[in-house]
1. Which numbered condition in (1) under 21 Å from L99 (Cα atoms); (2) surrounded by 14 or more Cβ atoms within 10 Å (Cβ to Cβ); (3) over 13 Å from the mean Cα position of the chain (by Cα) is the only one that G30 fails?
2. Tell me, which residue of segment 36-56 that is surrounded by 13 or more Cβ atoms within 10 Å (Cβ to Cβ) and under 23 Å from G102 (Cα atoms) is modelled with the highest pLDDT?
3. Considering only residues that are under 29 Å from M44 (Cα atoms) and among the acidic types (D, E), which ones fall in segment 59-92?
4. Given (1) surrounded by 13 or more Cβ atoms within 10 Å (Cβ to Cβ); (2) of a type in the set (F, W, Y); (3) out of contact with any helix residue (DSSP H, G or I) (no Cβ under 7 Å at 6 or more places or on another chain), identify the lone condition not met by W104.
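The values are calculated or read from the model by the stated rules, or taken from the named source; none is laboratory data. Since this is a predicted model, take the numbers as computed values, not measurements. When we count neighbours, we look across all protein chains shown, and the Cβ atoms used for this are built from the backbone with ideal geometry, even at glycine.
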Amino acid sequence: MNALFVAKVLVSALAIAVATELAKKDVFWGAVLIALPLASILAMSWLYVETRDDALVTRFARDVLALLPVTLLFFAPFLLEPRTRLGFLPNLLIGTALLGIGVWGMRRVL
């Protein structure tokens with residue numbers, strides 16, 4: 001394992017850990033932190049550092065933007081939770097399935 005890989009894992013894990021700790025104290029600010037495109041910022045930064053390829057990073061950003069509406073499918077079961085009362089795990093599984101179907105559909109388009 002090289003040092004850059006370890007750095008990527010540590011920085012990325014730290015971002016998630018900070019967001020979850022913040023959400024325990026104030027859900028709104030935890031959500032704000034996660035709503036920021038942190039994963040995209042980190043992934044694009046690491047991709048550029050490793051490749052120095054502007055065109056590759058631009059294509060990556062374009063595909064992320066195109067997939068953004070599809071990722072919202074993941075949250076639909078959680079928004080319906082007050083009516084369905086399914087609980088966390090079923091909502092997580094349904095949201096993941098919806099996301100998978102949406103990504104599969106977008107893959108056919110992109």
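1. Here G30 clears every test but (1).
2. M44
3. The answer is D63, and nothing else.
4. W104 satisfies every listed condition except (1).
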